[in-house]
1. Do any residues in the stretch 171-197 that are under 17 Å from residue 132 (Cα atoms) and part of a helix (DSSP H, G or I) have Cβ atoms under 7 Å from those of residues that are open to solvent by 80 Å² or more (accessible area, probe 1.4 Å) and modelled with pLDDT under 95, where the two are at least six apart or on different chains, and which pairs are they?
2. Determine which member of the set 247, 218, 232 is touching a helix residue (DSSP H, G or I) at 6+ places or on another chain (Cβ under 7 Å) and either at pLDDT 95 or above or not charged (D, E, K, R) (or both).
3. Select from the stretch 128-142 the residues that are in a helix (DSSP H, G or I) and either under 27 Å from residue 253 (Cα atoms) or open to solvent by 20 Å² or more (accessible area, probe 1.4 Å) (or both) and list them in ascending order.
4. Please go through the stretch 93-127 and give me each residue that is touching a Lys or Arg at 6+ places or on another chain (Cβ under 7 Å) and either on the phi < 0 side of the Ramachandran plot or buried (at least 21 other Cβ atoms within 10 Å of the Cβ) (or both), ordered by number.
5. Report the residue count in the stretch 251-260 for those that are surrounded by fewer than 18 Cβ atoms within 10 Å (Cβ to Cβ) and either under 21 Å from residue 207 (Cα atoms) or at pLDDT 95 or above (or both).
6. Find all pairs meeting these conditions: Cβ atoms under 7 angstrom apart; at least six residues apart or on different chains; first residue within the stretch 106-130 and among the hydroxyl-bearing types (Ser, Thr, Tyr); second residue open to solvent by less than 60 Å² (accessible area, probe 1.4 Å) and not in a helix (DSSP H, G or I).
7. Among the residues of the stretch 232-242, count how many are crowded, with 18+ Cβ neighbours inside 10 Å and either within 21 Å of the chain's Cα centre (by Cα) or farther than 22 Å from residue 201 by Cα (or both).
8. Working only within the stretch 71-86, note down all residues that are in contact (Cβ under 8 Å) with a residue 12 or more places away in the chain, assigned to a helix (DSSP H, G or I) and either buried (at least 23 other Cβ atoms within 10 Å of the Cβ) or not polar (S, T, N, Q) (or both).
Amino acid sequence: MTEHTALYVYALVPDRQGAADGVTGLDGRPLRLVGVPGTTVAALVHDATPTPFQGDDEQVRRWVAEQSRAVTAVWERTGSILPMTFNVLVADDAESGRSAERRLTDWITEQEAEITGQLEELAGRCELRVEITVDRTAAAAGDPEEGAREAGLDGRSPGMRRLLAKQREQQARNEAGRLADSLHAEIRQRLLSVAEDFRDRGPAHRAADETGVLSAALLVRHEDIDAVGTVLSEVRARQPAARIRFLGPWPPYTFTDARHRAYAQEAAP
């Protein structure tokens, strides 16, 4: 039997008795909380060997999804969380004789004020992700000259039709770009009026015939989720060419200070 000499760390959370009961992580491993005496912080972990999880892309995606589900389950019970990234392990230190658990709790004790402050700031908050694009065909449909251009294709040679089709496609891109520019500032301002924080993200989903308007992560209070939905519903109703994707609520991954992750990654073997 392989000896467990490391801890796989999922997150730091407020120390709530029973918060990890029945929650499983990677490959169904049971999770537990490691409380830190003298603090209100605990680490969500499973016992592990000091070897990172390695596999093909499909396997890694499954593990990441399992980790996300575990983090979400405990977050829903504790109300705040500082999630780690995938494959963060803290190992025993043979040189100093400190166990993985002792190394982890010592670090949390040293960083208690900062960790507690972050947990308090994120309490009752969640992350929403919003992606807005413009459908170029729908945007061009609002152009009063589009019908005339379509009619102008009748009777043209195949080569001329191809040329005009390319011109039409470029004109649709231009029209969608103008609409995207006009929408961006307005929507960003309206979302900032209901969100506590706003972070731009790279586009996660975009069809070939769409022009990007905005891709962002929002930090919002749970009670303000509906307000974000209202803003997006009004945009969709007023601008039929807008395509809106609205995901969450999730634990606040994007808004978690990465410094607490750095320690655990450095402590990995």
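The values are calculated or read from the model by the stated rules, or taken from the named source; none is laboratory data. Since this is a predicted model, take the numbers as computed values, not measurements. Heads up, the Cβs are rebuilt from the backbone with ideal geometry, glycines too, and the neighbour counts pull from every protein chain shown. Calculation scope for accessible area: heavy atoms of the full protein, side chains included, ligands and nucleic acids excluded. Shrake-Rupley method; radii C 1.70, N 1.55, O 1.52, S 1.80 Å.
1. none
2. Only one candidate passes the filter, namely 218.
3. 136, 137, 138, 141
4. 93, 125
5. 0
6. Pairs found: 109/36; 109/39; 116/41.
7. 2
8. 71, 73, 74, 75, 77 - these are the residues of the stretch 71-86 that are in contact (Cβ under 8 Å) with a residue 12 or more places away in the chain, assigned to a helix (DSSP H, G or I) and either buried (at least 23 other Cβ atoms within 10 Å of the Cβ) or not polar (S, T, N, Q) (or both).
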